[in-house]
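The values are calculated or read from the model by the stated rules, or taken from the named source; none is laboratory data. Source: prediction; values computed, not measured. Virtual Cβ from ideal backbone geometry, glycine too; neighbours counted across all protein chains shown.
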Amino acid sequence: MSQRDADVLVLGSGIAGLSFALDAARGGRVIVATKRDLTEANTRYAQGGISAVLSPDDSFDDHVRDTLVAGAGLCKEHVVRLCVEEGPAVVARLVHWGVEFDRDRSGQYDMGREGGHSHRRVLHAGDITGAEIERALVEAVRAHPDIEILEHHHAIDLITASKHLRQGGSNRVLGAYAFDVRGDDVVTLRAPSVVLATGGAGKVYKYTTNPDVATGDGVAMAYRAGARVANLEFFQFHPTCLFHAKANSFLISEALRGEGGELRLPDGTPFMRHYHELGSLAPRDIVARAIDNELKKSGKPHVVLDMTHLAPDFLAERFPTIHRRCLELGIDMRTEPIPVVPAAHYMCGGVQTDVDGRTCVEGLYAVGEVACTGLHGANRLASNSLLEGAVFGARAARAIAAQPGGATLPDLPAWDPGNARTPDEGVVIAQNWNEIRRFMWNYVGIVRSERRLARARRRIDLLREEIHEYYWDYRVTSDLLELRNLALLAELIVRSAQRRKESRGLHYTTDYPERHDRRFGTDTVMEGLG
Ligand code: SIN
């Protein structure tokens with residue numbers, strides 16, 4: 001068991017964590033710990049792009065308004081405004097680190113369009129924007145002499161003064177224990193500032209666009225360490241995930257609908273105009289619910305996204321990755337519609353922070369999808385998430401740089417494995433994992449009801465007890481750590497959803513189909529355990 005020290009410890013390696021690390025390394029030594037390869041983060045899979053006001057016919061006011069409309073009354077307007085206004089500067093910073101966004105023939109950025117945006121304002125790199133951003137940031141981080149990278153280090157828990165040193169007074173973070181997967185050891189990472197940049201939790205649902213890493217680790221660790229979490233009932237479902245047995249988490253970007261793609265029933269009938277005047281480009285929550293309703297009515301397994309009325313060359317050039325992946329699976333989007341279904345996509349709630357990423361635990365910050373800053377409210381506007389990660393990564397770096405340095409950190413207790421045995425019942429993990437994801441999809445998905453939530457709550461209470469026992473009896477493994485976090489996330493989502501007795505944004509319940517601003521026009525906040 002070893003210990004490593006740094007001025008700042010970053011957990012996670014998407015746009016928020018890596019851009020933060022590059023800024024923070026100007027003022028001290030940074031450790032970036034990530035549970036898989038450095039490149040493996042939700043960011044890498046973002047297709048659409050990053051929203052920013054960069055063209056003369058667009059305005060900050062319009063971007064703010066679009067974000068507030070999507071957020072259904074729960075966005076914090078000052079947070080939205082500062083995020084939107086800092087957009088152009090963070091885009092310039094990404095370009096400085098080597099990100100190449102597409103430009104048109106005149107050298108101007110080629111701006112894409114997505115649902116809910118009143119202008120074309122989505123910078124993109126073909127249809128692999130996230131991969132391009134991740135590539136550039138990973139290269140810059142790897143080349144930086146003051147950033148130490150710990151890949152395959154899975155954070156287990158945050159170390160806090162109140163829990164691990166049994167100190168009274170205000171709670172403060174001192175580092176984290178991390179499981180070194182390859183060394184099969186637990187290391188102590190000590191730092192006066194810890195930044196959670198662990199991304200989302202799409203794996204809590206059976207169908208998701210998210211990669212396997214999205215297991216809600218940051219929210220779960222922060223909650224156990226005493227941080228407040230908020231708005232976890234607002235989980236965004238992306239309307240168009242590819243429906244195919246061999247590629248069930250492949251995203252079909254909203255940018256396709258931005259370019260005129262039409263949603264139809266499998267027999268070719270368009271249906272979105274029955275639900276919203278914007279048709280297939282209506283806000284995401286409305287499109288996802290409409291598809292869910294059509295699937296339930298018809299009993300069909302999918303609807304289709306039709307692009308065949310657009311020029312074949314344009315489609316292949318604008319969406320090269322989606323086109324290639326579909327072709328590999330035998331679907332030619334130039335000549336036939338693409339089968340699609342909704343899938344869990346983005347966690348709008350998270351660890352509650354101020355405008356600099358600060359949580360209520362001293363020294364603990366959260367940036368990117370793991371955080372609840374007030375930007376998204378009850379529903380996220382497309383392509384605002386990469387923007388949020390970059391803006392709040394930069395703000396947290398400035399806030400930490402402005403803190404007085406020089407404090408000595410106390411000695412930390414080494415990880416205590418107790419009498420834990422080597423796990424011999426992998427089946428328990430697989431069983432519980434599948435069970436959680438299935439009931440979350442069926443009972444806590446796009447359309448909810450009091451009875452469904454109560455059913456989910458009974459199941460999660462039972463499973464959490466079982467997982468808790470298993471956790472203390474057996475040595476840690478990555479699977480066990482992820483299951484423990486995922487189960488806590490499921491519980492927090494269900495509890496948040498049970499508190500909100502109205503329908504708003506991404507939370508829709510058949511028992512309370514109306515929005516009630518007077519009673520429920522605020523965040524759903526839960527105090528951490530601490
Ligand atoms: C997409 O490309 O449809 C995803 C963009 C986003 O979720 O912001």
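Structure summary
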read-out: Criterion violated by Ser162 - all others in (1) within 22 Å of Gly357 (Cβ to Cβ); (2) in a loop (DSSP other than H, G, I, E, B); (3) at pLDDT below 95 satisfied; value: (2)
read-out: Thr67 vs. criteria of a type in the set (Val, Ile, Thr) and surrounded by fewer than 18 Cβ atoms within 10 Å (Cβ to Cβ); value: no
read-out: Among (1) among the small types (Gly, Ala, Ser); (2) within 21 Å of Leu329 (Cα to Cα); (3) within 16 Å of the ligand (Cβ to nearest atom), the one test that Gly202 misses; value: (2)
read-out: Residue in the range 1-15 that is closer than 23 Å to Ile149 by Cα, more than 16 Å from the ligand (Cβ to nearest atom) and assigned to a helix (DSSP H, G or I) present; value: no
read-out: Some residue of the range 426-441 being farther than 25 Å from Asp461 by Cα and either of a type in the set (Gly, Ala, Ser) or loosely packed, with under 15 Cβ neighbours inside 10 Å (or both); value: no
read-out: Of all residues making up the range 189-204, the number that are under 28 Å from Arg29 (Cβ atoms) and not in a loop (DSSP other than H, G, I, E, B); value: 6
read-out: Neighbours by Cβ (under 8 Å, 6+ apart or cross-chain): first from the range 27-53, of a type in the set (D, E, K, R); second within 16 Å of the ligand (Cβ to nearest atom); value: Glu40/Pro211; Arg44/Gly14; Arg44/Gly130; Arg44/Ala131; Arg44/Glu134; Arg44/Pro211
read-out: Complete set of residues in the range 383-398 that are in contact with a helix residue (DSSP H, G or I) (Cβ under 7 Å, 6 or more places away or on another chain), farther than 18 Å from Glu233 by Cα and within 12 Å of the ligand (Cβ to nearest atom); value: Asn384, Leu386, Leu387, Glu388, Gly389
read-out: Any chance Leu412 is more than 16 Å from the ligand (Cβ to nearest atom), farther than 30 Å from Phe250 by Cα and surrounded by fewer than 24 Cβ atoms within 10 Å (Cβ to Cβ); value: yes
read-out: Within the range 275-292, considering residues that are without any contact (Cβ under 8 Å) to a residue 40 or more places away in the chain and surrounded by fewer than 19 Cβ atoms within 10 Å (Cβ to Cβ), the one farthest from Thr67 (Cα to Cα); value: Tyr275
read-out: All positions within the range 95-118 that are out of contact with any strand residue (DSSP E or B) (no Cβ under 8 Å at 6 or more places or on another chain) and touching a residue at least 24 places away in the same chain (Cβ under 8 Å); value: Trp97, Gly98, Val99, Glu100, Gln108, Gly115, Gly116, Ser118
read-out: Residues of the range 474-519 that turn out to be assigned to a loop (DSSP other than H, G, I, E, B) and modelled with pLDDT of 95 or more, as a count; value: 14
read-out: Helices (runs of 4 or more DSSP H) contained entirely in the range 64-152, each with at least 1 residues that are at pLDDT 95 or above, of a type in the set (A, V, I, L, M, F, W, C) and in contact with a Lys or Arg (Cβ under 8 Å, 6 or more places away or on another chain); value: 129-142
read-out: Residue within the range 81-90 that is within 16 Å of the ligand (Cβ to nearest atom), farther than 30 Å from Gly27 by Cβ and touching a residue at least 24 places away in the same chain (Cβ under 8 Å) present; value: no
read-out: Members of the range 455-477 that are surrounded by fewer than 16 Cβ atoms within 10 Å (Cβ to Cβ) and touching a residue at least 40 places away in the same chain (Cβ under 8 Å); value: Trp472, Asp473, Arg475
read-out: Residue tally, condition crowded, with 24+ Cβ neighbours inside 10 Å and either hydrophobic (A, V, I, L, M, F, W, C) or at positive phi (or both), over the range 219-229; value: 7
read-out: Enumerated helices (runs of 4 or more DSSP H) restricted to the range 278-361, each holding at least 1 residues that are within 30 Å of Leu492 (Cβ to Cβ) and within 16 Å of the ligand (Cβ to nearest atom); value: 284-298
read-out: Leading residue by the ranking (nearest to the chain's Cα centre (by Cα)) among those in the range 253-271 that are among the aliphatic types (A, V, I, L, M) and within 16 Å of the ligand (Cβ to nearest atom); value: Ala255
read-out: Residue list for the range 103-128, filter: more than 10 Å from the ligand (Cβ to nearest atom), closer than 27 Å to Val138 by Cβ, surrounded by 17 or more Cβ atoms within 10 Å (Cβ to Cβ) and not small (Gly, Ala, Ser); value: Tyr109, Asp110, Met111, Arg121, Leu123, Ile128
read-out: Tally, over the range 228-246, of residues that are more than 16 Å from the ligand (Cβ to nearest atom) and either more than 30 Å from Lys501 (Cα to Cα) or touching a His at 6+ places or on another chain (Cβ under 7 Å) (or both); value: 4
read-out: All positions within the range 16-50 that are within 15 Å of the chain's Cα centre (by Cα) and either within 16 Å of the ligand (Cβ to nearest atom) or charged (D, E, K, R) (or both); value: Ala16, Glu40, Ala41, Asn42, Thr43, Arg44, Tyr45, Ala46, Gln47, Gly48, Gly49, Ile50
read-out: Complete set of residues in the range 513-524 that are out of contact with any helix residue (DSSP H, G or I) (no Cβ under 7 Å at 6 or more places or on another chain) and either buried (at least 21 other Cβ atoms within 10 Å of the Cβ) or closer than 22 Å to Ala344 by Cα (or both); value: Pro513, Asp523
read-out: Residue that is surrounded by the fewest Cβ atoms within 10 Å (Cβ to Cβ) [pool: residues in the range 87-102 that are touching a Phe, Trp or Tyr at 6+ places or on another chain (Cβ under 9 Å) and closer than 27 Å to Ala397 by Cβ]; value: Val95
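Residue-by-condition table, conditions (1) of a type in the set (Gly, Ala, Ser); (2) more than 26 Å from Ile400 (Cβ to Cβ); (3) crowded, with 24+ Cβ neighbours inside 10 Å:
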site: Tyr207; (1), (2), (3): no, yes, no
site: Phe237; (1), (2), (3): no, yes, yes
site: Phe243; (1), (2), (3): no, yes, no
site: Ser249; (1), (2), (3): yes, yes, no
site: Ser253; (1), (2), (3): yes, yes, yes
